[in-house]
Amino acid sequence: MNTFKTGRNCIIGENVKIGENVVLGHNCVIEDGVVLGNNVYIDSNTIIRRSVIIGDRGFVGANCIIGEYWMDFCLDRQNHVHSLSIGKNALIRSGSIIYAGSQIGDEFQTGHQVTIREKSKIGDRVSVGTLSDIQGNCTIGSYVRLHSNVHIGQLSVIDSFVWIFPYVV
């Protein structure tokens, strides 16, 4: 039997697949076609947009937007499908925004208020510090650590086993 807990005022779309022992905080919006793995925790006031996959044991803090719209939606208000995949054991802290159209590996984690734009490919065991900004169309290898307030410009490529310290642009 699938068990999950939901807080007050949650909205859950159609064709949503929810794993075992999932918890949704208050006021969450889970749009159509979302897949939440087993033991996922989504904190209050978080939006998971359509076609997002979050792997087992993922944690998404309060006030996040996961699968944010691309500019195409802003222009024509049509739901274009740009999938977002986040691997198992993710820790996404409060206030973070991750755009649709990216692939993120296992053991990913963010600090608070991180922005990751569309078409980013991020490997396993990557950590992105508080207030960091990845401008999209980027490739980031595995075992990478971006400390706080790091800005990564579009089309950047970062190999595996790289550390980038605070305030680097």
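The values are calculated or read from the model by the stated rules, or taken from the named source; none is laboratory data. Being a predicted model, the structure only gives us computed values, none of them experimental. Glycine also receives a Cβ, built like all others from the backbone with ideal geometry; neighbour counts cover every protein chain displayed. Side chains included, ligands, DNA and RNA excluded: accessible areas come from the protein's heavy atoms. Shrake-Rupley method; radii C 1.70, N 1.55, O 1.52, S 1.80 Å.
Determine if the range 104-126 includes at least one residue that is of a type in the set (D, E, K, R), in contact with a Lys or Arg (Cβ under 7 Å, 6 or more places away or on another chain) and modelled with pLDDT of 95 or more.
yes
Got a number for residues in the range 83-104 being of a type outside the set (A, V, I, L, M), open to solvent by less than 70 Å² (accessible area, probe 1.4 Å), in contact with a strand residue (DSSP E or B) (Cβ under 8 Å, 6 or more places away or on another chain) and closer than 19 Å to residue 135 by Cβ?
Total satisfying the criteria: 4.
So which of 16, 22 is of a type outside the set (S, T, N, Q) and closer than 22 Å to residue 93 by Cβ?
Working: 16 fails: closer than 22 Å to residue 93 by Cβ.
None of the others qualify; the one that does is 22.
Among (1) in contact with a Cys (Cβ under 9 Å, 6 or more places away or on another chain); (2) closer than 26 Å to residue 21 by Cα, where does residue 119 come up short?
Here residue 119 clears every test but (2).
Filter the range 39-52 down to residues that are aliphatic (A, V, I, L, M) and touching a residue at least 24 places away in the same chain (Cβ under 8 Å), then give me how many there are. Even if it seems obvious, please write down each step before you answer.
Restricting attention to the range 39-52, the residues satisfying the condition of being aliphatic (A, V, I, L, M) are 40, 42, 47-48, 52.
With touching a residue at least 24 places away in the same chain (Cβ under 8 Å) added as a condition, the list becomes 52.
Looking only at that region, the number is 1.
Please find, within the range 7-32, the residue that is nearest to residue 100 (Cα to Cα) out of those that are touching an Asp or Glu at 6+ places or on another chain (Cβ under 8 Å) and not hydrophobic (A, V, I, L, M, F, W, C).
Filtering first and then ranking leaves 32.
Among the residues of the range 45-62, are any over 24 Å from residue 167 (Cα atoms), modelled with pLDDT under 95, open to solvent by 30 Å² or more (accessible area, probe 1.4 Å) and among the aliphatic types (A, V, I, L, M)?
no
Does the range 136-151 include one or more residues that are farther than 23 Å from residue 55 by Cβ, modelled with pLDDT of 95 or more and crowded, with 20+ Cβ neighbours inside 10 Å?
Yes: the range 136-151 contains one or more residues that are farther than 23 Å from residue 55 by Cβ, modelled with pLDDT of 95 or more and crowded, with 20+ Cβ neighbours inside 10 Å.
Among the numbered criteria (1) surrounded by fewer than 20 Cβ atoms within 10 Å (Cβ to Cβ); (2) within 13 Å of the chain's Cα centre (by Cα), which one does residue 34 miss?
All conditions are met except number (1).
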